[in-house]
Amino acid sequence: MNAKNAHSSSFRDPSGYVFIDNGDIKRTILPIYFKQYRALNDSGFYNTLFQNELLIPHKELSSSDEEIIIKAEKIPFITYPYEWSFNMYKEAALLTLKLQKFSLENGFSLKDASAFNITFYNGKAIFIDTLSFDFYKENTPWRAYKQFITHFFGPLVLAHYHGAQQLKLISNFIDGIPVKMISSMLPFKTKLSPTLYSNIHLLAKLEDKHNEDYEGESKEASLSKQGQLNIIKSLYDYIKKLDLKEQSEWGNYYNKTNYTDDAFIKKSDIINTWVNTIQPKSLIDVGGNDGTFVRKLNNQAKIALVCDIDNNAVDFNHKTMKLNKEQFMLPFVLDVLNPSAGIGLNNKERDSFLNRVKDFAPDVTFALAVIHHMSLSGNVPFSQSAKFFSSFSKYLIIEFPKRNDSWVQRLLNNKADFKSHFDFYSQMNFEVAYSKYFNIESKELIESSERVLYLLKAL
């Protein structure tokens, strides 16, 4: 096997690299990491993490003097930190601290603490970088401490004070939000908090004073294992209590929408009838809010992606999913008008949403109560939204609110003098545009509403 086959994000790790082999996720481990790998393997460290669903499981396929090849369990859809809701981000941060604590207790330490080492799978956060563990050296500080602050602690504190949109900063700072930037954005009163002062403001001062990163400082620093465990506990306790102060327009959308109870039930019944016919194994609900209509399905898919622009709606979905132990559900934050782009070196380290969803290839897409926002808020022509939806799914169940719908009227009235420009928004124009990409398999008016449901099949 040659490193030329390496995944585009693997170049950063000298210990080995990931590659795709006939759809399987495999990893080559290089001799520089053999000692650590065998110690982690032989001690039962890996198996303990597998059994507790903290680390993605792998199997060893081959071993030689030049390389060890392992095969990891495949995750159907990877989400990135800038697509997580606030409480998903918290869960990922707490998992990282749990892993470091467990590592220290067993003679190891995380050599990096990137938020990109974690994704969500089977209803929970899971660590996916098998080679992130190194031997613990007595009285040395945590090598990945600053990275944890810039990838996890800082973004979460910024979100607490300034809103969940701050979590998206990590897409612009793939190596972590600069600690001086985090410090400058926080209110002055945060300097009175011992946890925030020591882990953010003081860190920023050290960086400014010495004009070098914290890892450089830590090479000569000394810290006992207990001292490090105390820092981890302090960070863990602080993060666990963090919350958001912001409200949202869509967080309780289904409590204030203009559906009558009968119309709501009718909509669910129609969707269920069509889904029972399609029998999908996978689906994505674009603009799925809190996952209400996916939960109402009689025939559950093996995996259901539910994305929405609103952090609070996704957070509520995440909380409900955890409570109900709905391992098939994967909530995440996504702006359909600005889906996540490819970022990093050559824009290929982290894949775009479109590439990921095309690879995922859901059997059916839900687009319920979303087309009027795309068309009227985002000024997206029907032809463009049709092209978008047809690019990754065979079937599309889409809801069209007619012009008399109260939400449509509200959006149109917001256009003021430009309202006439949106005369194109009609059921007839919608059908003509979408017919260039889909066959209309069925359509039904949702009784007691101004909305129509369509079952479409890609041409």
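The values are calculated or read from the model by the stated rules, or taken from the named source; none is laboratory data. Everything numeric in this text was worked out from a predicted model, so none of it was measured. Because the Cβ atoms are built from the backbone with ideal geometry, glycine has one as well, and the counts that use them run over all protein chains shown.
Brief remarks on what is shown
- Any pair with Cβ under 6 angstrom, 6 or more apart, that starts in segment 88-112 at a residue that is under 11 Å from Ser132 (Cα atoms) and ends at one that is among the basic types (Lys, Arg): Lys111/Arg143
- When segment 174-191 is filtered for residues that are β-branched (Val, Ile, Thr) and more than 15 Å from Ser114 (Cα to Cα), the ones remaining, listed by number, are Ile182, Thr190.
- Number of the condition not met by Ala93 [criteria: (1) within 27 Å of Ile149 (Cβ to Cβ); (2) in contact with a strand residue (DSSP E or B) (Cβ under 6 Å, 6 or more places away or on another chain); (3) not β-branched (Val, Ile, Thr)]: (2)
- If you filter segment 197-207 down to residues that are at pLDDT below 95 and hydrophobic (A, V, I, L, M, F, W, C), you find that the one that is surrounded by the most Cβ atoms within 10 Å (Cβ to Cβ) is Leu203.
- Here the condition is being modelled with pLDDT of 95 or more, surrounded by 21 or more Cβ atoms within 10 Å (Cβ to Cβ) and not assigned by TED's automatic domain parsing to the domain that holds Ala125; of Tyr17, Tyr89, Tyr37, it holds for Tyr37 alone.
- Residue match in segment 326-342 (condition: touching a residue at least 40 places away in the same chain (Cβ under 8 Å), on the phi > 0 side of the Ramachandran plot and assigned to a loop (DSSP other than H, G, I, E, B)): no
- Residue identified as touching a residue at least 12 places away in the same chain (Cβ under 8 Å) and assigned to a strand (DSSP E or B) among Ile75, Ile69: Ile69
- Annotation note: of Lys302, Lys325, Lys348, Lys319, the sole residue that is farther than 15 Å from Phe392 by Cβ and touching a Lys or Arg at 6+ places or on another chain (Cβ under 8 Å) is Lys302.
- For segment 280-300, a residue qualifies if it is in contact (Cβ under 8 Å) with a residue 60 or more places away in the chain, more than 18 Å from the chain's Cα centre (by Cα) and assigned to a loop (DSSP other than H, G, I, E, B), and the qualifying residues are Pro280, Lys281.
- When segment 37-52 is filtered for residues that are assigned to a loop (DSSP other than H, G, I, E, B) and either touching a residue at least 40 places away in the same chain (Cβ under 8 Å) or more than 15 Å from Ser103 (Cβ to Cβ) (or both), only Ser43 remains.
- Residue identified as in contact (Cβ under 8 Å) with a residue 60 or more places away in the chain, within 30 Å of Ser426 (Cβ to Cβ), basic (Lys, Arg) and surrounded by 14 or more Cβ atoms within 10 Å (Cβ to Cβ) among Lys402, Lys348, Lys387, Lys394: Lys394
- Selection status of Ile118, surrounded by fewer than 21 Cβ atoms within 10 Å (Cβ to Cβ), of a type in the set (A, V, I, L, M) and within 20 Å of His318 (Cβ to Cβ): no
- Hits in segment 129-162 - residues which are in contact with a helix residue (DSSP H, G or I) (Cβ under 7 Å, 6 or more places away or on another chain), more than 27 Å from Met181 (Cβ to Cβ) and part of a loop (DSSP other than H, G, I, E, B): Leu131, Tyr136
One line per residue, one yes/no per condition, for (1) of a type outside the set (Val, Ile, Thr); (2) within 25 Å of Pro362 (Cα to Cα); (3) modelled with pLDDT under 90:
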site: Phe382; (1), (2), (3): yes, yes, no
site: Ile397; (1), (2), (3): no, yes, no
site: Ser420; (1), (2), (3): yes, no, yes
site: Asp423; (1), (2), (3): yes, no, yes
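- Of all residues in segment 406-440 being surrounded by 14 or more Cβ atoms within 10 Å (Cβ to Cβ) and either hydrophobic (A, V, I, L, M, F, W, C) or not assigned by TED's automatic domain parsing to the domain that holds Ser391 (or both), the one that is farthest from His373 (Cα to Cα): Phe438
- Test: residue in segment 125-141 that is closer than 16 Å to Asp243 by Cα and not assigned by TED's automatic domain parsing to the domain that holds Arg38: no
- Whenever a residue of segment 448-459 is outside any loop (DSSP other than H, G, I, E, B), its partners that are surrounded by 22 or more Cβ atoms within 10 Å (Cβ to Cβ) and among the acidic types (Asp, Glu), lying with C-beta atoms within less than 6 angstrom and at least six residues away or across chains, give the pairs Arg451/Glu399; Leu453/Glu399.
- Within segment 283-303, the residues that satisfy the criterion of being at pLDDT 95 or above and under 18 Å from Pro339 (Cβ atoms) are Leu283, Ile284, Asp285, Val286.
- Test: residue in segment 356-365 that is over 18 Å from the mean Cα position of the chain (by Cα), assigned by TED's automatic domain parsing to the domain that holds Asn289, crowded, with 20+ Cβ neighbours inside 10 Å and within 22 Å of Gln300 (Cβ to Cβ): yes
- Filtering segment 163-201 to residues that are out of contact with any helix residue (DSSP H, G or I) (no Cβ under 9 Å at 6 or more places or on another chain) and of a type in the set (A, V, I, L, M) leaves only Leu192.
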